[in-house]
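Heads up: the structure comes next, in structure tokens.
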Amino acid sequence: MPTDTMNPATAVTYGPFIQAAEAQYSSDPSVVNPAAITKMPAGYTLVRTIQMTDFFGPEQSRVFYGYVAVGGDPVTAVVALRGTESTMEWWDDFHWDLVPFTQIPDGGNVAQGFYDIYKSIGTMAPGQQAASAPSAFAAEVARAATSGLAAGLDPASLPLVVTGHSLGGALATLLVTELSATTALKPQAWTFASPQVGDAKFAARYGGLSTVSWRIYNQVDVVPHFPVDVLDSYQPVTTGYAINSLGKAKWSLSCAHSLNTYMHVLSPATVPLDQACTGSGL
């Protein structure tokens, strides 16, 4: 795993992509496949939308979860995955039994809740009216990202960033693992507040991939320290980058976990802190 120096200024450029996915879902959770992402960063074109299935016992529901966009200079494909938003998704998050990550050889074991969601993810053309269904997500992302760039570009040289917050960070980690191991793409991973995803074997497999990866975690945020089990099987993937919001944002579970808090601590001069997390406790 390359160990390039983590650049906070680069990290915060990916936060708005995640925030756009979160805002899109929050504006109307019933819209599974929006034709446009209202608050997506300027200069990027929406290529695909991303859906997943939330599970709550026998109940299942297809929902919007993120998107693939292409743009910037140099031209880059960005996969943005939002964090946990609904009670059903929190229920899914708490399924921590370890199960094999069979998408790649010797993939180790990962949390069942994350894996069940990951297996359900598919992509759609923006605004497409057909029913959303699970699909070969990594292959679809690879095709979508490549088709969104100049024709004839070598996939091995395609700039591709996968970014996510909270549960989205865990799913981004799984996607980067599969893309790196099974395609010519070399995606970068920039995650915020990601939980631990799998066991030591999975972490070692991930660490052996030839890609840039930063798992940014707030030391006073509880989410990056989960899941836990009695055997202490879970292990965070490389490369971790610790921040600490104490003295910089009001302490609460929600403020410590907020993507805005992460971005503010990384770049206080350019990212204002949300009003709800200012005040007492600083």
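The values are calculated or read from the model by the stated rules, or taken from the named source; none is laboratory data. Since we're looking at a predicted model, the values are computed, not measured. Cβ sites come from the backbone with ideal geometry, for glycine too, and all protein chains shown count toward neighbours.
Regarding VAL222, is this residue aliphatic (A, V, I, L, M) and under 30 Å from PRO159 (Cα atoms)?
In short, no.
Filter the range 237-249 down to residues that are at pLDDT 90 or above and in a loop (DSSP other than H, G, I, E, B) and give me whichever is nearest to PHE202 (Cα to Cα).
Taking the candidates together, the pick is ASN244.
For the range 167-189, name all the residues that are assigned to a helix (DSSP H, G or I), more than 25 Å from HIS257 (Cα to Cα) and of a type in the set (S, T, N, Q).
If we filter the range 167-189 for residues that are assigned to a helix (DSSP H, G or I), which is where we start, we get 167-182.
After this cut, where a residue has to be more than 25 Å from HIS257 (Cα to Cα) as well, the list is 178-182.
Of everything in the range 167-189, those that are assigned to a helix (DSSP H, G or I), more than 25 Å from HIS257 (Cα to Cα) and of a type in the set (S, T, N, Q) turn out to be SER180, THR182.
Modelled with pLDDT of 70 or more, in a helix (DSSP H, G or I) and touching a Gly at 6+ places or on another chain (Cβ under 8 Å): does that describe GLY164?
Working: modelled with pLDDT of 70 or more: yes; in a helix (DSSP H, G or I): no; touching a Gly at 6+ places or on another chain (Cβ under 8 Å): yes.
No, not satisfied.
Residues that are at pLDDT below 95 and more than 18 Å from LEU171 (Cα to Cα), at least 3 per element: which strands (runs of 3 or more DSSP E) completely within the range 1-98 meet that?
Numbers: elements: 44-56, 59-71, 76-81.
Hits in the range 1-98: 44-56, 59-71.
This table checks each residue for (1) outside any loop (DSSP other than H, G, I, E, B); (2) under 17 Å from the mean Cα position of the chain (by Cα); (3) without any contact (Cβ under 8 Å) to a residue 60 or more places away in the chain.
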{"residue": "THR191", "(1), (2), (3)": "yes, yes, yes"}
{"residue": "SER254", "(1), (2), (3)": "yes, no, yes"}
{"residue": "MET263", "(1), (2), (3)": "yes, yes, no"}
{"residue": "LEU273", "(1), (2), (3)": "no, no, yes"}
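So which pairs qualify, if the first residue must be in the range 49-71 and within 14 Å of PHE137 (Cα to Cα), the second must be hydroxyl-bearing (Ser, Thr, Tyr) and modelled with pLDDT under 80, the Cβ gap must be under 8 Å, and the two must be at least 6 apart or on different chains?
GLN51/SER132; THR53/SER61
If we keep just the residues of the range 193-234 that are out of contact with any helix residue (DSSP H, G or I) (no Cβ under 7 Å at 6 or more places or on another chain), hydrophobic (A, V, I, L, M, F, W, C) and not in a loop (DSSP other than H, G, I, E, B), which is farthest from SER252 (Cα to Cα)?
ALA204
Can you run down the residue pairs with Cβ atoms below 9 Å, 6 or more apart or on separate chains, where the first is in the range 17-46 and surrounded by 13 or more Cβ atoms within 10 Å (Cβ to Cβ) and the partner is of a type in the set (Asp, Glu)?
Close Cβ pairs satisfying both conditions: GLU22/GLU85; TYR25/GLU85; PRO29/GLU85; PRO34/ASP28.
Give me the residue from the range 109-126 that is in a loop (DSSP other than H, G, I, E, B) and at pLDDT below 90 and, out of that set, farthest from VAL63 (Cα to Cα).
As a first pass, look at the range 109-126 and keep what is in a loop (DSSP other than H, G, I, E, B): 121, 125-126.
Subset that is at pLDDT below 90: 121, 125.
On the way: ILE121: 10, ALA125: 15 Å.
Once the filter is applied, the top-ranked residue is ALA125.
Kindly establish whether ALA242 is more than 28 Å from LEU175 (Cβ to Cβ) and without any contact (Cβ under 8 Å) to a residue 60 or more places away in the chain.
Criteria not met by ALA242.
Within the bounds of the range 236-247, is there any residue that is surrounded by fewer than 18 Cβ atoms within 10 Å (Cβ to Cβ), touching a Leu at 6+ places or on another chain (Cβ under 7 Å) and within 13 Å of SER194 (Cα to Cα)?
Within the range 236-247 (the criterion being surrounded by fewer than 18 Cβ atoms within 10 Å (Cβ to Cβ), touching a Leu at 6+ places or on another chain (Cβ under 7 Å) and within 13 Å of SER194 (Cα to Cα)), the answer is no, since none of the residues qualifies.
Would you please list the contacts, defined by Cβ atoms under 7 Å and residues six or more apart or on different chains, that run from a residue in the range 96-123 that is within 18 Å of GLU140 (Cα to Cα) and aromatic (Phe, Trp, Tyr) to a residue that is surrounded by fewer than 21 Cβ atoms within 10 Å (Cβ to Cβ) and modelled with pLDDT of 90 or more?
TYR115/VAL99
Any idea which of (1) crowded, with 24+ Cβ neighbours inside 10 Å; (2) under 15 Å from TYR14 (Cα atoms); (3) polar (S, T, N, Q) is the one GLN196 doesn't satisfy?
(2)
For ASP106, state whether it is modelled with pLDDT of 90 or more, charged (D, E, K, R) and more than 30 Å from VAL222 (Cβ to Cβ).
Numbers: modelled with pLDDT of 90 or more: yes; charged (D, E, K, R): yes; more than 30 Å from VAL222 (Cβ to Cβ): yes.
Considered against the rule, which asks whether it is modelled with pLDDT of 90 or more, charged (D, E, K, R) and more than 30 Å from VAL222 (Cβ to Cβ), ASP106 comes out as yes.
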